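First comes the structure, then the notes that go with it.
Derivation of every value follows stated rules applied to the coordinates shown; laboratory data play no part. It should be emphasised that the depicted structure is a prediction, and the values quoted were computed from it without experimental measurement.
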Amino acid sequence: MPEWVCGCCGRWRVSIELIQGRYRYRLVRRYPRQFGGGKDVLGEASSVAELEELLRRRTPLGLADLREAA
């Protein structure tokens, strides 16, 4: 599945996942390895408009700040 990462630090990630038969955008914040690693799921959205609102509320990013992960 595709995943998008912020272009500034790579800490913020958005993935598309199939959850209970529906595709959802999942926003995750990853922690650097020196701080113990791990990740926090900050929220899920079912549309691009909802994802944009979730990004605005929970992160300093917008949709234009994300790039596709290699």
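Brief remarks follow.
- Close amide H partners of E3, meaning residues 5 or more places away or on another chain with modelled amide H under 5 Å apart, are A69.
- Among R24, R11, R57, residue whose mean-square fluctuation peaks in a GNM of the chain (springs only between Cα atoms under 10 Å): R57
- Largest-first principal axis extents of the Cα set of the range 3-60 (Å): 36, 23, 16
- Helix 48-58 and the longest principal axis of the C-alpha atoms of the chain enclose an angle of approximately 40°.
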